[in-house]
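Below: the structure, in structure tokens.
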Amino acid sequence: MNFEPGPAESTGVEATPNLVQRVIMVFTAPTGLGTALRRSAPWFWTLAILAVISAVAYFLLPEQLLQSTLEAQARARPQGQEAPDPEQMLRMARIFGPIGALVGSFVAAAVVAGVLYLAFNVMFGQDTTYKQHLSATAHAYWIGLLGFFVVLPVWISKGEMTTQLGLGLLLAEAPQTFVGYLLNSVTLFGLWSSAALGAVEAGLSGGRVSTGKGIGTVLALYGVWVLFSAARQTLFGA
């Protein structure tokens with residue numbers, strides 16, 4: 001179903017791929033997707049459907065999985081920090097978890113798009129708009145959604161949600177140090193979605209930025225986020 005139709009063929013302008021086609025392209029031809037997004041930059045339904053799926057998936061998580069994860073996070077809190085009541089945290093997670101997944105998808109995408117706008121328009125002199133960067137981000141998030149469903153069986157088998165598919169698998173137990181959090185933050189799907197987003201940005205640039213430079217730039221930004229995430233978790237707990 002085409003939620004965001006492109007221009008009519010009678011105008012002589014090539015139609016923008018529909019939603020399903022664009023989601024497939026972010027996995028198979030991200031640079032081509034970026035080129036298509038130069039003509040039209042649909043983002044709302046691309047992001048809204050993903051956010052709804054994320055919220056529903058979070059709501060359907062087994063209660064025991066959430067409870068064991070919250071307990072593990074409480075144990076990992078730095079010494080001196082008071083651990084919250086696990087039962088109260090579970091009730092809050094059931095209420096605010098799906099809401100956070102729904103609203104958080106939009107907030108996170110808006111922030112990432114702003115960072116990309118500054119990085120590519122200021123550093124490389126692109127003429128792309130904020131909406132185009134937001135559209136690129138919304139499409140790249142579908143790779144992260146796939147990653148959620150792939151890692152879910154691992155979480156269920158381990159009984160907690162701290163393990164990620166990536167360098168975190170090298171850890172014998174849940175991370176509790178900066179190095180542990182750093183390794184756990186570098187994930188396969190995080191790297192994949194960052195590389196795909198960089199390729200989309202290269203397509204958006206209309207030739208001003210090579211695919212390699214686009215991918216390298218977004219991966220560098222991902223590395224900064226990984227360092228920040230590891231530092232935050234070290235100071236305040238997972």
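The values are calculated or read from the model by the stated rules, or taken from the named source; none is laboratory data. No experiment lies behind these values; they were computed from the predicted model shown. Heads up, the Cβs are rebuilt from the backbone with ideal geometry, glycines too, and the neighbour counts pull from every protein chain shown.
Among the residues that make up the stretch 185-203, is at least one of them at pLDDT below 95 and of a type in the set (D, E, K, R)? There is no residue in the stretch 185-203 that is at pLDDT below 95 and of a type in the set (D, E, K, R). Look at the stretch 1-26: where a residue is closer than 22 Å to residue 140 by Cβ and a partner is modelled with pLDDT of 50 or more and polar (S, T, N, Q), sitting 6+ places away or on another chain with Cβ atoms under 6 Å, you get 2/18; 6/16; 6/40; 16/40. Looking only at the stretch 168-178, residues that are surrounded by fewer than 18 Cβ atoms within 10 Å (Cβ to Cβ) and either charged (D, E, K, R) or under 23 Å from residue 216 (Cα atoms) (or both) come to 1 in all.
Please go through the stretch 30-61 and give me each residue that is more than 22 Å from residue 218 (Cβ to Cβ) and at pLDDT 95 or above, ordered by number. Of everything in the stretch 30-61, those that are more than 22 Å from residue 218 (Cβ to Cβ) and at pLDDT 95 or above turn out to be 44, 45, 48, 49, 52, 53. From the set of residues in the stretch 115-151 that are within 27 Å of residue 57 (Cβ to Cβ) and without any contact (Cβ under 8 Å) to a residue 40 or more places away in the chain, which is surrounded by the fewest Cβ atoms within 10 Å (Cβ to Cβ)? Per the stated criteria, the residue is 150. For the stretch 131-164, a residue qualifies if it is at pLDDT 85 or above and either under 21 Å from residue 224 (Cα atoms) or not in a helix (DSSP H, G or I) (or both), and the qualifying residues are 133, 134, 136, 137, 138, 140, 141, 143, 144, 147.
Within the stretch 165-176, the set of residues being assigned to a loop (DSSP other than H, G, I, E, B) and modelled with pLDDT under 80 comprises 171, 172, 173, 174, 175, 176.
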